[in-house]
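Scroll down for the structure; my scribbles are underneath it.
The values are calculated or read from the model by the stated rules, or taken from the named source; none is laboratory data. Since we're looking at a predicted model, the values are computed, not measured. Only protein heavy atoms, including side chains, enter the accessible area calculation; ligands, DNA and RNA are left aside. Shrake-Rupley method; radii C 1.70, N 1.55, O 1.52, S 1.80 Å.
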Amino acid sequence: MRYDAGTLSRMLAERIGVLARELLPNGRKDGAEWRCGSLAGEKGQSLAVHLNGSRAGVWADFSSGERGDALDLVAAVLFAGDRREAMKWAVSWLGLGDGAAPTFRAPERRQVALDRGREDLDQDAQRKRASARKLWHDTPAGIAGTPVEAYLAGRGIILRELGRAPGALRFNPSVWCAEVQRPLPAMIAAICGPSGKLVAVHRTWLGETPGGWVKADLQNAKKVLGSFAGGCVRLWRGASGKALGVAPEGDVTVIAEGIETALSVAVACPEFRVLSAVSLSNMAAVALPDTLKDIIIAADNDSGNEKARRALEAALKKFASQGRTVRLAMPEIVHGDWNDVLRGKDTDGQEERSV
């Protein structure tokens, strides 16, 4: 009997708890999900596989953007995305064929490639993390009187209104920029993992104009050094003033994508704890302590951007599944963000809904 892809995927999803553990043995159960670092199977948070409910078998790698169903997971992990080979394997694994169920083992060449790939990935990740930490520690603390303070002020973000500048920001006058093959001044932001340790740095290269300091005129003026899945930039502690790891119950926490958007919220609502997820794909992966029950997603209004919409929905559902109250706050201005609102480009309210 022949089985189509949809049928096999549904049958795999019914046994996804067992399948996920076999395919990704270094992962761990996190609520209703099985989580690991990537399709290579290393420890981490970036890849999540739903274990039950209507979304059982659905998975997404928030760092790479890859996603799919249970059959896609088999194809991606074992057969470099080849669904035909994955279907043959699934028929045997489910006991639907004439032979015995297969032992979990990728073809030898594929396994060797995976092992080498993991080693290279680990070494590269370690090098980048070490470089990120060196850049951070080589950069003087504080931004008072620096081009970073001037750049943010030019965006309407007057940090002195808060009484202090976030410790997660620094100014470095000479950060290598591969795009122009020379060092440029840059705003450096610390990206910390769930434990509070620095795992990566975000760089925003700056340029001086007659009108003041602005984002450098580059194709890509913002880049991250290091892997940051599950991490965030801890910009403002809110009314409690306590570190994220010991945040008390009752703290309202705002998560925004970009640093400037998050800082705009902090200036407008200093009573809230404010975090930058750095990227939309990472927003759902941001790890929060259980004490934080009230979450606001301060989203950009990327009207018509389907990828952005899906990433926001993933974040809303993720935090709601953890038993938190989640609200979406979005400016009405099309293609605008909360920094535009702060600067007076749009002053008409916001759209907010509970999930």
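Listing for the model above:
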quantity	calculated
Cα-based equivalent ellipsoid of region 1-58: semi-axis lengths in Å, sorted from largest, via gyration tensor	22, 12, 9
Debye intensity ratio I(q)/I(0), log10, region 130-252, q values 0.12, 0.13, 0.14 Å⁻¹ (C-alpha model)	-0.47, -0.55, -0.64
Selected from 78, 94, 328 as most flexible by GNM, with the chain as the system and alpha-carbon contacts under 10 Å	94
Debye log10 I(q)/I(0) at q = 0.14 Å⁻¹ for region 177-319, Cα point scatterers	-0.70
Reach of residue 29 by Cα under 23 Å, taken over lysines that are not fewer than 8 positions away in the same chain	43, 197, 293, 317, 318
DSSP beta bridges in the chain [antiparallel fraction, %, rounded to 5]	75 percent
Apportionment of accessible area to carbon and sulfur, region 164-255, percent (1.4 Å)	51 percent
Ellipticity estimate at 222 nm from DSSP helix runs (n ≥ 4, -39,500 (n - 2.57)) divided over the chain, nearest 500	-9500 deg cm²/dmol
For residue 216, distant residues with modelled amide H under 5 Å away	205, 206, 207
